[in-house]
Structures are given as C-alpha cells and as structure tokens.
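Notes follow the structure.
The values are calculated or read from the model by the stated rules, or taken from the named source; none is laboratory data. The structure presented is a predicted model; accordingly, all values stated were derived computationally and were not measured. Cβ sites come from the backbone with ideal geometry, for glycine too, and all protein chains shown count toward neighbours.
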Amino acid sequence: MLRITRRVVLFVAVVALLAAGLAGTADRPAREGGRSPTAQMTAQRPKGPLPSLPRPVAPSAIPRLAARGLRAEAARLPDAAKPEAIETAVCPDDALAWSLPVTCGFVKVPLDWKHPEKLGTIRIYFELYTPERSGPAVSAILQNYGGPGGSTTANRWLAFYFFGENLDEHDLLLIDDRGRGLSTTIDCGPLQHGIGPFAQEEAECAAQLGPAASRYGTGEIAQDTDAVRDALGYDKVDYFGWSYGGADIEAYATRFGEHLRSIVADAPVGSPFLDPLEFDRARTQGDQRLVRLDCRRSPTCSADHRFPEAELALLTQAIRRHPVEGDAYDAFGNLTHVRVDEEAFLNFMVDNPSGNFVNTGEILAAGTALRRGDPLPLLRLGAERHWTLEGDYGDPTVFSNGAAYATACVDYQQHWDWSVPAPVRQAQYGHAIRALPPRFFFPFSKTAAAGDLYDFFGKQCLWWEKPTPSSPIAPRHARYPHVPTLVLSGDIDQRVPLEVTTRVARLYPEAVFVRVAEAGHPALVWSSCAVKLASEFIRNLEVSDTSCAGTPDVVWPAVGRFPRLAREARPAEVDVTGDNEIGIDERRVVTVAVAAATDALQHTVVGFTSAGAGLRGGTFQTTYGDWTTWTLELTDCAFAEDVTVTGTVEYNPSSPAWLGTTGDGSFTADLQVSGPGTEGGVLHVEGKWQVQGPVGKFKITGALGGKSVAVLVPEA
C-alpha cells in the first residue's frame with residue numbers, strides 16, 4: 001500500500017532488482033486524453049505502496065501455460081454477460097502473447113456515481129482471459145496490485161505467474177482502476193515528469209481535474225469494478241490484491257460482498273489506518289522489528305549485536321543530536337559529499353531497503369563503527385541513497401502519479417480543513433503534529449517521521465483539492481462479508497507492517513492470517529510459500545498447512561562489524577575437515593578478505609552499475625551477462641584498511657521461479673590477498689549466496705604466508 005509515488009526499488013531477491021521496468025507498454029489501445037510521454041523514470045520516491053515490479057519474462061517460461069498451445073482468440077463470456085454494456089477493443093500485443101482466449105474492452109461508468117448526470121462518463125478498461133475447459137469457470141480471479149496509481153493490466157504477467165495453476169478452473173479478470181492504466185488515464189504532465197516544484201505540480205494536477213479531483217476515491221473504484229463484473233456476467237469473483245489493493249478489496253467487500261467467493265489480501269492497507277500519522281507510527285514500529293529480525297537471523301550480525309532495537313534507538317538519538325557529514329562513494333563509484341541527519345537516516349537507511357535489505361543489514365554495524373570514530377560505513381549508506389519528491393515517472397499508463405494522489409489524498413483522513421488555503425492547512429497540520437505525544441514515533445522524532453518523505457499521504461497532500469466529499473473506502477456502519485479470507489504479511493515488511501495488516505485482517509469475520517518469515521513487501525514477491533498458499537486458497541477456499549511460512553526463503557545477509565583493521569575482525573572458523581595451518585591473526589584476514597568480495601556483491605545490486613568502489617579503497621567491475629552468471633572483478637578492494645583483495649567472483653543468482661532465472665546461488669571467488677595487515681597469499685572461496693534453506697558457511701582454502709588455509713565463514 002505504501003505510496004508508490006516515485007517508486008523505490010525495494011526488492012525481493014537480487015535478481016528481482018536486475019529488472020528496471022514494469023511490463024511492456026507498446027501497442028496498447030489508445031487512451032482517452034493526455035499525451036504519451038516516453039521519458040524514462042530518472043528519479044524515484046521512497047514511499048510507494050508497492051515495490052517496483054521485476055521485469056516480466058516470456059509467457060513460454062510458464063510450462064503449464066505454454067503447453068496449452070491455444071490461439072489468442074476472443075474470450076467466451078458467461079451466459080449472463082451484457083454485451084451491450086461492453087465496448088470491445090483490440091488487445092495489446094502483451095495480452096495476446098499468452099495464447100489464451102482474451103477479450104479486451106471498456107465499460108462506461110459515471111464519473112460521479114452519486115450524481116451520474118453531473119460529470120459525464122469515463123471508460124474502465126479490462127482484460128478477460130478464459131482458458132479452454134470442458135465446463136464453466138468456478139469464478140473469475142480479480143487482481144489488483146495496489147499503488148495507488150499503477151496499472152493492473154500492464155503487469156498482467158504477475159497474475160499468470162502467481163495464479164497460472166488456478167486457470168484450469170478459473171477465468172482471469174484484470175481491471176485498471178479509474179485514472180490508471182487505460183481507464184481514462186490521469187496524465188498531469190508536470191507532476192508525472194517532475195517538471196516543477198512538487199507543491200506547484202500537485203496543485204496544478206488538482207486544478208487540471210477540477211470538479212473531478214475528489215472523484216477518484218477507492219469507494220468509486222469499487223463501484224466501477226462491480227459494473228465491469230456485472231457487464232461480463234460473473235456472479236462470483238475471487239479478489240486478490242496486495243498493498244493498496246487491500247483498500248480496493250475492502251471497498252468492494254463492504255458494498256458488494258455477495259459477489260465474493262473468496263478474498264486473498266497480501267500486505268493490505270485498510271480503513272483502520274487511514275490517519276496518515278497513525279499509519280506512520282505503525283511503520284516506525286515496524287522499522288524496529290525489521291532491523292531486529294534482519295540481524296537476529298544472520299549469524300554474522302547476531303553474534304555482534306545482542307540488543308538490536310536498543311542499538312537502533314541509540315544510533316537514531318546520536319544522529320539527531322550530531323548529524324554526520326563527510327565524503328563517501330555512491331553506488332556508481334562516484335565520490336560524494338554526504339550529510340546524514342535523522343530524516344535521511346530514517347528514509348534512506350532504515351525504512352527504504354535497497355535490494356535485499358542491504359542497508360538494513362548494515363545499520364547496526366555502521367552505528368558501532370560511528371561510536372568508535374569511524375563514520376565511513378554510515379556515510380556510504382547515505383551516499384548510495386538519494387530520493388526527492390520530484391522525478392520522472394515515465395508513461396502514465398504504467399503508473400500515473402496524478403492518479404496516486406487523486407485516490408490516496410481523498411481516501412486518507414487529513415488533519416486540516418480542505419476549504420482553507422494551503423498555508424493555513426500547513427499550520428493546522430503542524431499543530432496536529434505538535435499535539436502528538438513526544439515519543440509517538442519512537443525511536444524517531446516527530447520532525448523526522450512527519451517530514452517531507454516519510455509522511456504517508458499526509459503532508460504530501462497539502463496542495464491537493466477536495467471540492468466535494470469522496471466515496472470512502474468503507475461506508476459508515478460497513479458490514480464485512482462472511483467469505484473465506486486469507487491475509488498474508490511479511491514480518492520484515494516496512495511498507496505496510498504487521499501493525500497495520502493484523503488490524504485489517506480483523507475486519508473480516510473468516511480471515512486466516514499468515515505471518516511470512518523474512519518476507520518484505522508484498523509477501524508473494526519474497527516467498528515461494530506465500531505464492532503456494534495464495535494459489536491453494538483460491539482453489540480450495542482453505543490452506544491445509546501454513547508451516548512453510550515460518551521458514552524464510554532466504555536469510556538476508558547482515559554485517560556484524562566494519563573493522564578498520566584486520567585485527568578487529570572476528571576470526572574465521574577452523575575447518576576441521578581440512579588442513580589448516582594459519583593462526584588467529586590470518587584467520588581474521590580471511591574474514592575481511594571474504595567480506596571485501598561479498599560487500600562488492602551486496603553493493604552492486606544497489607545501483608546495478610558495472611562500476612563500484614570498495615568500502616575503504618579499490619574498485620570492482622561487474623558483468624551481468626544474461627543475468628544467470630554475474631562476474632565481479634575486484635582490484636585492490638579493501639574492507640579493512642590494511643588488507644586489499646584483487647581477484648574474481650562468480651555468482652549464479654537464485655530467485656523465485658516466477659522471475660525466470662535458474663541459478664543455484666553458487667558463489668566462487670579466487671582472491672589475491674595483500675597489504676600490511678597480512679603476510680599475503682591466495683584464497684579460494686566456495687559456497688552459496690542468498691539461497692533457500694538454512695544459512696551455510698563459505699569454505700575457504702588456499703595459502704597465506706606460505707601456510708595452508710582451511711577455514712569457514714558464515715554465508716549471511
């Protein structure tokens with residue numbers, strides 16, 4: 001649910017980050033109004049409700065679908081369909097590529113459902129897939145990927161990857177919410193492409209929509225959705241949604257619950273947290289759990305940090321009192337001047353994990369280094385992450401920034417009077433923040449948590465307009481249907497944390513709540529177990545065994561310490577199965593030498609650039625090839641000041657099957673070790689990196705100072 005505005009790439013497995021874009025957008029039906037910009041996204045905002053989605057792979061990568069060998073003919077509509085209410089359209093090539101019978105089209109709905117004649121009509125775009133089968137479909141699976149602002153149909157491939165196994169019994173219905181995708185796209189040029197100051201961009205977008213600016217609430221979207229369902233003739237739908245898609249589900253369930261066969265919600269947003277300040281409070285609570293669990297599950301981090309939450313609080317307080325300033329290399333190998341204050345710390349390090357929680361896994365060790373007079377690890381985290389409210393979101397039919405604000409700003413309960421000018425609203429909002437208890441966002445201050453970036457659709461909506469009341473997510477005295485409901489939530493999800501999702505789950509009388517270990521936002525992106533449970537639930541309306549959710553797919557690596565000198569490192573463990581001759585000092589050297597290699601691998605995913613810099617010196621070059629084998633060439637890379645590493649790392653990334661990669665996570669490195677802190681020599685490293693199952697140990701052999709090496713280092 002988090003604002004996808006200026007979407008940030010917080011992703012699942014390393015390979016998920018390799019994909020820069022969403023699903024292809026070429027050859028789509030013409031949308032109504034606006035222009036079709038082709039500029040690429042150049043800046044990303046950290047608080048998006050859903051993560052940037054990974055690159056789609058070819059439909060042929062899903063054997064169960066490719067084997068059907070069907071022609072992309074028109075879908076068969078149920079007997080109860082109302083063809084007169086449907087305006088058919090030529091399907092995009094991406095929709096035809098799945099070789100399933102598909103119908104694409106529009107259903108006209110009032111822009112203002114309360115006063116249908118007042119503002120005219122808009123067209124809601126849908127795609128209906130109906131695989132061949134002997135009998136009628138059990139239902140249509142309805143999908144929504146949150147945002148708000150993102151297109152559902154542009155990401156149709158996700159539906160096939162997650163629920164392809166269900167299409168032997170179910171049809172698939174994808175609907176673009178009003179203002180998004182191809183449903184009368186909101187295209188506010190300046191806000192979409194970051195042309196001017198954010199306040200001006202937002203105000204101009206609201207003015208562009210005029211009286212319709214309050215007509216994009218999730219309540220209206222629910223009525224559109226039911227109009228499409230009715231036109232297509234489905235009595236029942238299985239509604240799946242993640243992130244802000246949970247709000248779509250709630251709006252539909254409280255109005256049209258009789259048409260629901262089941263609900264599957266992943267990291268759902270909902271009405272219990274429509275106060276932006278309360279939502280952000282829940283997120284700061286989730287941030288503490290995120291840091292704690294990320295460290296405790298890593299044998300490297302947990303060995304050095306017994307009280308993660310206390311350390312986080314102390315570090316936050318230290319940065320608040322004395323911001324850290326200095327130079328460090330960014331993710332592209334550029335030396336950058338950095339100032340890390342509390343707001344930067346909260347937004348770019350704690351709450352905004354890049355890749356596989358790289359920054360989260362380094363915070364505690366960076367804090368220890370800072371206390372010892374070494375600010376470099378913290379400064380590097382600051383140098384690698386910079387986001388602003390301004391930026392280019394690219395094609396609005398893929399993600400409409402205007403639609404994001406048009407929905408969220410009217411859905412959320414704001415702490416100001418909409419009838420007053422923006423400066424007065426600012427004063428009213430400031431008063432509301434000052435009235436909060438001092439420790440409301442503990443361990444973070446009210447200033448940081450209510451700042452421009454962390455604030456969730458509160459302060460960022462100051463310049464919107466709400467000329468008339470919008471249709472709320474849930475109407476007053478809402479009744480929630482007694483239908484089978486599955487709610488999934490990752491326990492290190494910092495976008496829509498457990499504090500939110502547990503409350504949303506309680507709204508539904510028959511909800512089964514599943515907490516997914518080591519999964520971020522949303523759980524299906526991070527956990528094969530979550531995918532299995534969601535698919536099984538739609539098939540059987542229950543799940544037989546949820547125990548897999550307690551075992552992480554991957555334990556994300558975290559750092560225990562950033563030694564300035566090799567003698568400050570933990571020594572590698574002696575491998576009793578080998579012939580080890582080196583003593584404790586050179587075993588410490590092995591630890592920092594391996595860390596130089598894994599550190600380069602970790603930080604290459606932050607920017608996915610071919611060039612990078614070692615923490616304390618040296619450089620590395622990364623070649624991704626066809627993404628199945630990555631090669632890193634290290635030149636004098638230093639994790640500790642007195643040990644340098646030159647050599648080659650090869651990595652075969654492992655990832656969820658739906659990403660289309662087949663790597664086994666194998667990691668091998670051949671390293672030449674030198675520097676004043678070691679007698680020098682060569683090391684060969686073998687192991688796994690970010691794979692399913694328990695954390696293993698790298699096996700290191702070779703020779704240092706003419707003595708044989710046989711030691712072990714944790715893989716995470």
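Some observations on this one:
Residues checked against (1) part of a strand (DSSP E or B); (2) in contact with a helix residue (DSSP H, G or I) (Cβ under 9 Å, 6 or more places away or on another chain); (3) modelled with pLDDT of 95 or more; (4) crowded, with 22+ Cβ neighbours inside 10 Å:
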{"residue": "Asp636", "(1), (2), (3), (4)": "yes, no, yes, no"}
{"residue": "Phe639", "(1), (2), (3), (4)": "yes, yes, yes, yes"}
{"residue": "Thr646", "(1), (2), (3), (4)": "yes, no, yes, no"}
{"residue": "Gly677", "(1), (2), (3), (4)": "no, yes, yes, yes"}
{"residue": "Leu683", "(1), (2), (3), (4)": "yes, yes, yes, yes"}
{"residue": "Gly693", "(1), (2), (3), (4)": "no, no, no, no"}
{"residue": "Phe698", "(1), (2), (3), (4)": "yes, yes, yes, yes"}
{"residue": "Ala703", "(1), (2), (3), (4)": "yes, no, yes, no"}
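- Residue in the stretch 342-351 that is farther than 17 Å from Pro557 by Cβ, touching a residue at least 24 places away in the same chain (Cβ under 8 Å) and assigned to a loop (DSSP other than H, G, I, E, B) present: yes
- The listed residue being touching a Lys or Arg at 6+ places or on another chain (Cβ under 7 Å) and buried (at least 23 other Cβ atoms within 10 Å of the Cβ), out of Ala569, Ala530, Ala523, Ala534: Ala569
- Meets criteria (surrounded by 17 or more Cβ atoms within 10 Å (Cβ to Cβ), modelled with pLDDT under 95 and closer than 14 Å to Ile492 by Cβ) for Pro308: no
- Taken as a whole, the structure places Thr152 among residues that are within 31 Å of the chain's Cα centre (by Cα), under 26 Å from Ala523 (Cα atoms) and either modelled with pLDDT under 95 or not aliphatic (A, V, I, L, M) (or both).
- Counted residues, the stretch 439-461 - those being in a loop (DSSP other than H, G, I, E, B) and surrounded by 20 or more Cβ atoms within 10 Å (Cβ to Cβ): 10
- Taking the numbered list (1) in contact with an Asp or Glu (Cβ under 7 Å, 6 or more places away or on another chain); (2) assigned to a strand (DSSP E or B); (3) of a type in the set (D, E, K, R) in turn, Lys118 passes all entries but (2).
- Complete set of residues in the stretch 192-227 that are crowded, with 17+ Cβ neighbours inside 10 Å and of a type in the set (Gly, Ala, Ser): Gly194, Ala203, Ala206, Ala212, Ala213, Ser214, Gly217, Gly219, Ala222, Ala227
- Flag for Gly612 being among the small types (Gly, Ala, Ser), over 17 Å from Val711 (Cβ atoms) and surrounded by fewer than 21 Cβ atoms within 10 Å (Cβ to Cβ): no
- Here Ile433 meets the list (1) in contact (Cβ under 8 Å) with a residue 24 or more places away in the chain; (2) more than 26 Å from the chain's Cα centre (by Cα); (3) under 30 Å from Ile363 (Cβ atoms); (4) part of a loop (DSSP other than H, G, I, E, B) almost entirely, failing just condition (4).
- For the stretch 521-557, a residue qualifies if it is part of a loop (DSSP other than H, G, I, E, B), among the small types (Gly, Ala, Ser) and in contact with a strand residue (DSSP E or B) (Cβ under 9 Å, 6 or more places away or on another chain), and exactly one does: Ser527.
A quick yes/no check of all residues on (1) surrounded by fewer than 24 Cβ atoms within 10 Å (Cβ to Cβ); (2) touching a residue at least 40 places away in the same chain (Cβ under 8 Å); (3) outside the structural domain of Leu488 (by TED's automatic domain parsing):
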residue	(1), (2), (3)
Arg229	yes, yes, no
Asp235	yes, yes, no
Glu250	no, yes, no
Phe256	yes, no, no
Arg261	yes, yes, no
Ala265	no, yes, no
Leu274	yes, yes, no
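- Boolean, Gly607 is under 26 Å from the mean Cα position of the chain (by Cα) and at pLDDT below 95: yes
- Meets criteria (aliphatic (A, V, I, L, M), closer than 30 Å to Ser535 by Cβ and in a loop (DSSP other than H, G, I, E, B)) for Val269: yes
- Residue-level analysis places His477 outside the set of residues that are assigned to a loop (DSSP other than H, G, I, E, B), in contact with a Pro (Cβ under 6 Å, 6 or more places away or on another chain), assigned by TED's automatic domain parsing to the domain that holds Gly147 and surrounded by fewer than 21 Cβ atoms within 10 Å (Cβ to Cβ).
- Residues of the stretch 470-500 satisfying the condition of being under 23 Å from Asp545 (Cα atoms) and not hydrophobic (A, V, I, L, M, F, W, C): His482, Pro484, Thr485, Ser489, Gly490, Asp491, Asp493
- For the stretch 508-528, filtering for residues that are touching an Asp or Glu at 6+ places or on another chain (Cβ under 7 Å) and more than 17 Å from Asn356 (Cα to Cα) leaves 1.
- Checking Thr336, Thr300 one by one, the residue that is of a type outside the set (A, V, I, L, M, F, W, C), in the same structural domain as Gly550 (by TED's automatic domain parsing) and assigned to a helix (DSSP H, G or I) is Thr300 and no other.
- You will find that of Arg123, Arg178, Arg156, the residue that is basic (Lys, Arg), in a loop (DSSP other than H, G, I, E, B) and either buried (at least 24 other Cβ atoms within 10 Å of the Cβ) or touching a residue at least 24 places away in the same chain (Cβ under 8 Å) (or both) is Arg178 and no other.
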